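Remarks on the structure that follows.
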C-alpha cells in the first residue's frame, strides 16, 4: 500500500526539517487536560487544544504564553512557557539552519581554514558528517569533511592546494537521518605569493617592484627613501608589505596602496613576519635592544622581550617556533625560541658575514646575504659553520635583504658591477631563474632588498 502518511510528512516538513518559529499568545481556555485554547498573535479566534512541554502547568486564562511552532508547521504549536504580554507576529528565527557557514580565516597563499557551526535547535541530534563544499563557482566541485558523531558547536577544516582566485564555500552536514543540510554560500580571496624588491637608483629615487614567483615584473611604485638596514621589509600571507623606516612602519596592500602608517617606532632596524601572523621588530630603547611582537592589523604591540646589548643584524623566522639573528659583536649566529624568549643555540661565523647580514630560512637552512662577503647558508640547528653560496654573475656585492619563498632562496645584488639582478635558487642551491631589476648603471650598491611571504 502506498504510504500516504509518509508522503504527507515529506511534503509538509521535508524542506523545513529544522525550522522553528516562536510566537506569543494569550490563554483563552484551560481545557483541564494540560491543553489550552490560545489566541495566537492577537488573533480574535482561539487556536484549540495546544499542548505544553511544562511538567505541571498552571497557566490561567489571560496569561501570555510563548508558542513554539515546531518545524515551521503552523498546525503543530506547543506552549513552552510564560511570556511578556507583547503580541508579536509570526517570525521565522531559524530557517533550515542546522548548519551555518562562518567566515574563512588564516587565508594564506595556497591554503585557508573554513569554519562552520552546527546549530543546537529543536529536533537536532548528533550529525554523522560535517564538512565544506568549495570551488570557483557555487557549483563547488570539491569538498572536505570528517565523519563521526558531532554535537552542536563550531568546527573548522583546512583546505590546501588553492591558487590565486576567488573561492566559494559552503558548510554542510549529514544529520542523524543521513540527510544533507547546507549553510549559506560565502567567498574568500586567495592571492598567490608575490616577490617585492625595494631599491634606490643613482638619482636617489626609490622604487618598489612587484614580481610573481617566476620573476615576471607585475608592478612598479615610487616610494620614499627607505631605511635600508638588513631585513627592513617583510610580507604577510595576504601580500601586504611592511617597510621599516626606523622611526615608522608603512604598511601597503598588494596594489601598493598605503593602508597604515605606524609612527613612534623606537629606532627599529629589522622587521619580519612570523608563522603566527604577527609582525616582529627589533627596536632600541636607548642602548637596549628589544624584540616587539605587533598585531599585523594595526601594528600595536602585543608583547616584547629584551635581548642582550650586542650589534645585531638580520631577523628571520622558521615555522618551528624559532628565530635567528646575527650577533656581529661576537661574530656568531644565534637561534632563539620566540615562545620562551631564550637562546637555544649559537655558532661562530668564520667570515665577516655577521656584519650587514640579512637572513632568510629555506627548508632546514638559513640563507645569509652578507654585503661584500657574499652569500652563505648555515644549517638551522647551527651544527656547522656557514658554507659559500655561489651566485654566479652576482659577483661584486650581495645586498642585505634575501628572501624566502618557502622552498626557494631569492638573492639580489650587482650583476658584474653594472646593475641589479635577482636570482631564485631551489633548496639544493640550483639556479631556477634570473631577472634584471634595474637598467645598467642604475643601482646603488648599498640600497636594495627583496622580500616575500616565507611560509
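The values are calculated or read from the model by the stated rules, or taken from the named source; none is laboratory data. Predicted, not measured: the structure shown is a model, and the values here were computed from it. Methodologically, a virtual Cβ is constructed for each residue, glycine included, from the backbone with ideal geometry; neighbour enumeration extends over all protein chains shown.
What number of residues within segment 155-173 satisfy the criterion of being at pLDDT below 95 and assigned to a strand (DSSP E or B)? Lay out the reasoning, then the answer.
Keep residues of segment 155-173 that are at pLDDT below 95, which gives 160-166.
Cutting the leftovers down to assigned to a strand (DSSP E or B) gives us 165-166.
Going through segment 155-173 one residue at a time, the tally reaches 2.
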| task | Of the numbered conditions (1) over 27 Å from residue 201 (Cα atoms); (2) within 30 Å of the chain's Cα centre (by Cα); (3) part of a strand (DSSP E or B), residue 340 fails exactly one; give the number of that condition. | result | (3)
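Looking at 355, 393, 414, 407, can you tell me which residue is assigned by TED's automatic domain parsing to the domain that holds residue 239, modelled with pLDDT under 90 and under 26 Å from the mean Cα position of the chain (by Cα)? Give the derivation first.
Details: 355 fails: under 26 Å from the mean Cα position of the chain (by Cα); 393 fails: under 26 Å from the mean Cα position of the chain (by Cα); 414 fails: under 26 Å from the mean Cα position of the chain (by Cα).
Within the list 355, 393, 414, 407, the selection yields 407.
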| request: May I ask you to list the residues in segment 256-280 that are part of a strand (DSSP E or B), modelled with pLDDT under 95 and over 19 Å from residue 223 (Cβ atoms)? | output: none
| task | Inspect all residues belonging to segment 360-377 and state whether any of them is within 32 Å of the chain's Cα centre (by Cα) and either loosely packed, with under 15 Cβ neighbours inside 10 Å or on the phi > 0 side of the Ramachandran plot (or both). | result | yes
| remark: (1) surrounded by 15 or more Cβ atoms within 10 Å (Cβ to Cβ); (2) closer than 25 Å to residue 176 by Cβ; (3) in contact (Cβ under 8 Å) with a residue 40 or more places away in the chain all hold for residue 143 apart from (3)
| message | Taking the criterion of being buried (at least 22 other Cβ atoms within 10 Å of the Cβ), within 29 Å of residue 354 (Cβ to Cβ) and at pLDDT 90 or above, would at least one residue in segment 216-229 satisfy it? | response | no
| note | Within segment 399-414, the count of residues that are buried (at least 23 other Cβ atoms within 10 Å of the Cβ) and over 16 Å from residue 193 (Cβ atoms) comes to 6
| Conditions (1) more than 44 Å from the chain's Cα centre (by Cα); (2) modelled with pLDDT under 90; (3) assigned to a loop (DSSP other than H, G, I, E, B); number of the one not met by residue 110 | (1)
| query | How many of the residues making up segment 230-255 are farther than 25 Å from residue 354 by Cα and assigned to a loop (DSSP other than H, G, I, E, B)? | reply | 8
| task | Working carefully through the options 308, 397, find the one that is over 28 Å from residue 236 (Cβ atoms) and not in a strand (DSSP E or B). | result | 308
| request: Could you run through segment 402-431 and say how many residues are in a strand (DSSP E or B) and under 22 Å from residue 233 (Cβ atoms)? | output: 17
